[in-house]
Amino acid sequence: MKVLLTGAAGFIGMHCAQRLLARGDDVVGVDNLNEYYPVQLKKDRLAQLKHPNFTFAQIDVADAQALERVFEKEKPQSVVHLAAQAGVRYSLQNPAAYVQSNLVGFANLLECCRRHAPRHLVYASSSSVYGANQELPWSESQNVDHPVSLYAATKKSNELMAHVYSHLYGLNATGLRFFTVYGPWGRPDMSPMIFANAIVKGEPIAVFNHGDMQRDFTYVDDVVEGTIRVLDKPTRYAVYNIGNHEPVNLLDYIAALERAFGREAKFAMKPMQPGEVKATYADTTALKQAVGFAPSTPLASGLERFAAWFKEYYGYA
């Protein structure tokens, strides 16, 4: 199968591409290599994808003509759309980037799928769509009308846009609400990398809401497994949570990182940040019923693998 994978130089994108290539698929990777975080990390991820069945095009999905040319040339049988402007806090600083990438870019992708009719479109949504929902765990049947960041609003918009194209044009489209993904090759703006940098440098970790927070940390290999299982089982329209179904207190998470790195952390307690939520917790019943899989990697095991990669990549003994 030939798969078009947007965001191929990204964290989840690289891992998905590796798994698809390993099982014999042809992968056409697309990424704009923007400077939201150091481009060298993205290039180093791409270097992990040297394979005869991998091709790469540096384009922006917000460029409709460039994206159409890729579809015309490659004629992908399935599409995994992971390209997006990520990050909750950055959406407060640069909202235009989210509109351009997450809304314009996704509209362009849907139009290409309408014209070229791939077998299945699987796209990244986010746990952030649950916003101010207080009822935990979060399930796909809950209302998601109260996002608390522009990033979350764009992800909910993607789900609505995909529904329209599924309804009007028969597009098989499945959205995946990822819950706090971590692991080797992670994004520098996410807590595992931020906290790890602080721990190895002996700098204080900014602990928001004075540590009274929980996150459903999900190991990247589990996310990839769930994504590919969903990709292989097209459905007209669906949305699934992909989370570990085990919320972890922020201070317990930092303690697990301390054990993984063999060093003690320093703390700087801070108030809650705008756009953040106190807790996330995935109900993964629907995913398991659909594809027979739900994430379950223990946090300690995942952080040990992350720490081993981090120390090797950044040269810490």
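Please treat every number below as a calculation from the coordinates, not as lab data. For clarity, every value in this text was computed on a predicted model and none was experimentally measured. Neighbour counts are summed over all protein chains in view; Cβ atoms, including those assigned to glycine, are modelled from backbone coordinates with ideal geometry.
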Original post:
Any idea what % of Cα-Cα pairs in region 69-227 are farther than 19 Å?
Top reply: 61
Original post:
What base-10 log of the normalised intensity I(q)/I(0) is obtained for region 208-272 from the Debye formula, alpha carbons as equal point scatterers, at q = 0.25 Å⁻¹?
Top reply: -1.09
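In debye, nearest 20, what is the charge dipole magnitude of region 204-289 about its Cα centre with +1 on Lys and Arg Cβ and -1 on Asp and Glu Cβ, if you could check?
Taking the Cα centre of region 204-289 as origin, the dipole is about 160 debye.
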**OP:** Averaging over all projection directions, find the projected area of the Cα convex hull of the chain and quote it in nm² with one decimal place.
**Re:** 14.8
Original post:
Which cross-chain or sequence-distant (5 or more) residues have an amide H under 5 Å from the amide H of residue 180, H modelled 1.01 Å from N in plane?
Top reply: 127
Original post:
What list of ³J(HN,Hα) values in whole Hz, one per residue of region 94-99 in order, does the Karplus curve 6.51 cos²θ - 1.76 cosθ + 1.60 (θ = phi - 60°) give from phi, with Gly and Pro shown as x?
Top reply: 9, x, 4, 4, 6, 5
Original post:
What FRET efficiency do you get for residue 273 and residue 251 if R0 is 22 Å and r is their Cβ-Cβ distance, rounded to the nearest 0.05?
Top reply: 0.85
**OP:** Taking a cut-off of 17 Å between Cα atoms, list the lysines near residue 278, but don't count ones fewer than 8 places away on the same chain.
**Re:** 270
Original post:
Once amide H atoms are placed 1.01 Å from N in the peptide plane, what residues at a sequence separation of 5 or more from residue 2, or on another chain, have their amide H within under 5 Å of its amide H?
Top reply: 26, 77, 78
Original post:
Counting pairs of alpha carbon atoms under 8 Å apart in space and at least six apart in sequence, what relative contact order in percent does the chain give?
Top reply: 18
**OP:** Taking amide H positions as placed in the peptide plane 1.01 Å from N, state which residues far from residue 138 in sequence (5 or more) or on other chains have amide H under 5 Å from it.
**Re:** 281, 282, 283
Original post:
Straight-line reach from residue 266: which lysines have Cα under 18 Å away, leaving out those fewer than 8 places along the same chain?
Top reply: 201
Original post:
Alpha carbon centre of region 218-266 versus region 273-317: separation in Å?
Top reply: 2
**OP:** Can you tell me the relative contact order of region 101-206? Whole percent, Cα pairs under 8 Å, sequence separation 6 or more.
**Re:** 31
Original post:
Roughly how many debye, to the nearest 20, is the charge dipole of the chain about its Cα centre, given +1 on each Lys and Arg Cβ, -1 on each Asp and Glu Cβ, and no other charges?
Top reply: 480
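Nearest 5 percent is fine: what portion of the DSSP beta bridges confined to the chain is antiparallel? It would help to have the intermediate numbers written out before the result.
Working: 2 of 40 bridges.
Antiparallel: roughly 5 percent of the beta bridges in the chain.
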**OP:** Report the Stokes-Einstein translational diffusion coefficient (µm² s⁻¹, integer) for region 1-43, Rh taken as the Kirkwood radius over Cα pairs, at 4 °C with viscosity 1.567 mPa s.
**Re:** 122
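How many lysine pairs in region 1-102, separated by 8 or more positions in sequence or lying on different chains, have Cα atoms less than 18 Å apart?
For region 1-102, the number of qualifying lysine pairs is 4.
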**OP:** Mind putting a number on the dipole of region 134-291 about its Cα centre? Charges go on the C-beta only, +1 for Lys and Arg and -1 for Asp and Glu, and I need it in Debye to the nearest 20.
**Re:** 260
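Can you tell me what the convex hull of the Cα atoms of region 1-137 projects to on average, as an area in nm²?
9.3
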Original post:
Equivalent-ellipsoid semi-axes (√(5λ), Cα gyration tensor) for region 182-317, whole Å, largest first?
Top reply: 29, 18, 12
Subject >> Most mobile listed residue (43, 156, 73) in the chain, GNM with C-alpha springs under 10 Å >> reply: 73
